[in-house]
Amino acid sequence: MWWEDKLVRTLRCRLRQKPGVFGGLLSVIGKEKAYVGEIKIIHMGTNYMVRDITIFVDDEAHLNKVVSAIKSFPESELLEVRDEVLEMHQGGKIAIRSRYEINDISVLRKVYTPGVAEVSLLINKNPALARRYTAIRHLVAIVTDGSAVLGLGDIGPLAAMPVMEGKASLMETLTGLSAMPILINTKDPERIIETVTSIAPTFSAIQLEDISAPRCFYIEEKIQEKLTIPVMHDDQHGTACVVTA
């Protein structure tokens, strides 16, 4: 798609409440060959209107040209240039929160000690009960070494974290499952296999993500042999599901 390689910025502009001013501003942006996306009215007054205008530009140099042109446009004032993508990622996009508000000692005794011991003893006697009395049944691990991130290539596990958080957000929204990114700082297939199988008791499924070929095929096969829970490689199975659908 045309927007995939573009920078996205939001311009907050105050424009005089006068016919033709807003249209003129859009023409200025268009003359600088920037694309216009979403437009929001932030404030509407008697003499002025404040709007947020999302634009798509090629790079920072292109953005600076657009900004200069807007600043030269009469009867409008550029109040702010915002990077809403970075703003949305500040602090991360996912979080683990308690289902219960711990607001008194009675609740604390039930969710933690001493009450939690009863649940642990039940699971110790019958491990199958872990799916009933813990979050395991809706936890999914999203595992990556960051070696083949879509559109970015081998950027490593840490830089891949925003992508994994995005996957987790989508999974929660579309399926109700809680996904946890697992960043593995090695490209050694055997170490990845060992790590995933060691942490597997925490999860009800494993999703391998953005691991380069041909290692991904071997890693997936070996993990499937060792575990009884579903194991999928998103770049294979996810793509196959979309194509089949």
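Quick notes
- Looking at T186, T202, T195, just one residue is farther than 22 Å from L139 by Cβ and either among the β-branched types (V, I, T) or crowded, with 18+ Cβ neighbours inside 10 Å (or both), and that residue is T186.
- Test: residue in the stretch 44-55 that is surrounded by fewer than 12 Cβ atoms within 10 Å (Cβ to Cβ) and either in the same structural domain as L152 (by TED's automatic domain parsing) or within 30 Å of L139 (Cβ to Cβ) (or both): no
- Subset of the stretch 29-43 that is aliphatic (A, V, I, L, M) and touching a helix residue (DSSP H, G or I) at 6+ places or on another chain (Cβ under 7 Å) - its residue that is surrounded by the fewest Cβ atoms within 10 Å (Cβ to Cβ): V36
Table: residues versus (1) assigned to a loop (DSSP other than H, G, I, E, B); (2) touching a Ser or Thr at 6+ places or on another chain (Cβ under 6 Å); (3) closer than 30 Å to A135 by Cα.
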position: W2; (1), (2), (3): yes, no, no
position: R14; (1), (2), (3): no, no, no
position: K40; (1), (2), (3): no, no, no
position: M49; (1), (2), (3): no, no, no
position: I102; (1), (2), (3): yes, no, yes
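- One residue from S98, S120, S169 being outside the structural domain of A205 (by TED's automatic domain parsing) and either at positive phi or part of a helix (DSSP H, G or I) (or both): S120
- Criterion violated by K18 - all others in (1) exposed (fewer than 11 other Cβ atoms within 10 Å of the Cβ); (2) farther than 30 Å from P181 by Cβ satisfied: (1)
The values are calculated or read from the model by the stated rules, or taken from the named source; none is laboratory data. What you see is a predicted model; the values in this text were computed from it and never measured. Virtual Cβ from ideal backbone geometry, glycine too; neighbours counted across all protein chains shown.
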